Amino acid sequence: MEIIILVFVLFICLFTDIKSRKILNIITLPTIVFGLIYNIFNTGVDGFLFSGKGFLVGLGLLIIPYMLGGMGAGDVKLMAAIGALMGTSFVFYSFIYTALIGGVIALLLIIKQRGFINSIKSLFFNVVFFRSSLGSMILPNGDKKSSISFPYGVAIVLGALSCLVWGGF
């Protein structure tokens, strides 16, 4: 049952994030509540702890990137909802898949926007000269207008679906 709800929520969030770059509270908040109630109903106090820990881990994994301006609150709430529904282990492995998929998407977008050779030169320069920030690859000359962004909910959805298909490591 929870897998069906998860897949349904993921596809709705994928659609809304691509269409409007928003993950809606009307989807994530009821999912959090449902995950909590469903797990309490099935296993009582253990279900509450299972769901509560999953919620906190999901929230905790993305709260710092959100606070630094790297992603929206909807992304954080979606990861928390995944945790509340599926538990700590699932949300953690989903996060690993999400980070890998998000990194690949970001790399492809950088290469597309700046060209492959410029991206390799920039990466080489940053590594050789031990620059503390690889941000110059994304924000050349500090120009925010040329920054690369994408709806990170796509990576979260693909990460959670990957975890459903392949499980943990």
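Every read-out reported here was derived from the displayed coordinates using simple, explicitly stated rules and does not represent laboratory data. Quick caveat: nothing in here was measured; it's all calculated off a predicted structure. As a convention, Cβ positions derive from the backbone with ideal geometry for all residues, glycine included, and neighbour counts pool all protein chains shown.
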### Message
Quick check: the angle from helix 153-166's long axis to the longest principal axis of the chain, C-alpha only, nearest 10 degrees?
### Response
60
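For the chain, what is the charge dipole size about the Cα centre, in debye to the nearest 20, if Lys and Arg each add +1 at the Cβ and Asp and Glu each add -1 at the Cβ? Walk me through the numbers before you get to the answer.
Working: 11 positive and 5 negative charges, 142 e Å.
It works out to roughly 680 debye.
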### Task
Enter the angle in degrees (range 0 to 90, nearest 10) between the Cα long axis of helix 88-114 and the first principal axis of the Cα atoms of the chain, meaning the one along which they spread out most.
30
### Query
Any idea what % of Cα-Cα pairs in the chain are farther than 28 Å?
29
#### Entry: Dipole-positive endmost among V128, G83, L108 within the range 2-166 (Cβ charges, Cα centre)
V128
### Query
What's the angle, to the nearest 10 degrees (0 to 90), between helix 73-86's Cα axis and the longest principal axis of the chain?
40
### Task
Name the residue farthest towards the positive end of the dipole of the range 1-95 from the options V45, Y93, L61, assuming +1 on Cβ of Lys and Arg, -1 on Cβ of Asp and Glu, about the Cα centre.
L61
### Query
Helix-derived [θ] at 222 nm for the chain: sum -39500 (n - 2.57) over DSSP H runs of at least 4, divide by residue count, nearest 500?
-26500 deg cm²/dmol
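How big is the equivalent ellipsoid of the range 1-76 along its three axes, where each semi-axis is √(5λ) from the Cα gyration tensor, reported in whole Å from largest to smallest?
Largest first, the range 1-76 gives 24, 17, 8 Å.
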### Query
Relative contact order (percent) for the range 2-166, with alpha-carbon contacts under 8 angstrom and 6 or more residues of separation?
26
